[in-house]
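First up is the structure itself, then whatever we jot down about it.
The values are calculated or read from the model by the stated rules, or taken from the named source; none is laboratory data. Small disclaimer: the values here were computed from a predicted structure and weren't measured. Cβ atoms come from the backbone with ideal geometry, glycine included; neighbour counts cover every protein chain shown.
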Amino acid sequence: MQVVEQKESIETTIRRFSTFRISKRLYGVDIQDVKEINTEINFTPIFHAPREVKGYINIRGQVHLLLDLRLIFGFEAKEIDRSSRVVIFMPEVGDPCGILIDSIDDVVTVDDKLIENRRQNQKAHEGSNRRGVDVGEGVCKLENELLIILNARKLLNNIGKFDSLR
């Protein structure tokens, strides 16, 4: 009689996140969704737009809508300074759009198994803005802090939640 060993296949999915800070909290979006991170923050305001919409930004001839993620998440407004950046998303993520962030951080590599889906445990959480738009994907405990993972596609798909942009 021949004994056949059965090995369990343990597949690990590694994900990489471009991380940034808003109000000293660490957020991240999948690096595959990020086109570029830009230091140029000259924008044209859109009058009568919600506060969260900073305006339009022209980067190498392409116009992007610029959203202030700090205001979308309900934090107080902050002056743009030397550490402020604009994260521009890939075209396949959604309409040409960028988000204004307080500062850029590192690229973080995480095992997918370590990401906790908080939506299973609670309804209201960070990653939901004050208008109730759920853009969170989960959280991950890093060595020294918590990484709040955002879903860029959900964020851009919910731009229509800003009444005056419809």
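Here are a few things to note about the model shown:
- Taken over the stretch 63-100, the residue count meeting the criterion of being closer than 22 Å to residue 18 by Cβ and either of a type in the set (Gly, Ala, Ser) or in contact with a Pro (Cβ under 6 Å, 6 or more places away or on another chain) (or both) is 5.
- Residue pairs whose Cβ atoms lie under 9 Å apart, sitting 6 or more positions apart in sequence or on different chains, and linking a residue in the stretch 76-87 that is within 21 Å of residue 28 (Cβ to Cβ) to a partner that is of a type in the set (D, E, K, R) and part of a loop (DSSP other than H, G, I, E, B), are 78/102; 83/102; 84/78; 84/102; 85/102; 86/40.
- In summary, strands (runs of 3 or more DSSP E) completely within the stretch 1-113 and bearing 2 or more residues that are surrounded by 14 or more Cβ atoms within 10 Å (Cβ to Cβ) and of a type in the set (Lys, Arg) occur at 14-22.
- Failed item, numbered, when residue 93 is tested on (1) among the aliphatic types (A, V, I, L, M); (2) touching a strand residue (DSSP E or B) at 6+ places or on another chain (Cβ under 6 Å); (3) modelled with pLDDT under 95: (2)
One line per residue, one yes/no per condition, for (1) under 13 Å from the mean Cα position of the chain (by Cα); (2) of a type in the set (Asp, Glu):
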site	(1), (2)
65	no, no
68	yes, yes
71	no, no
76	no, yes
83	no, no
87	yes, no
90	yes, no
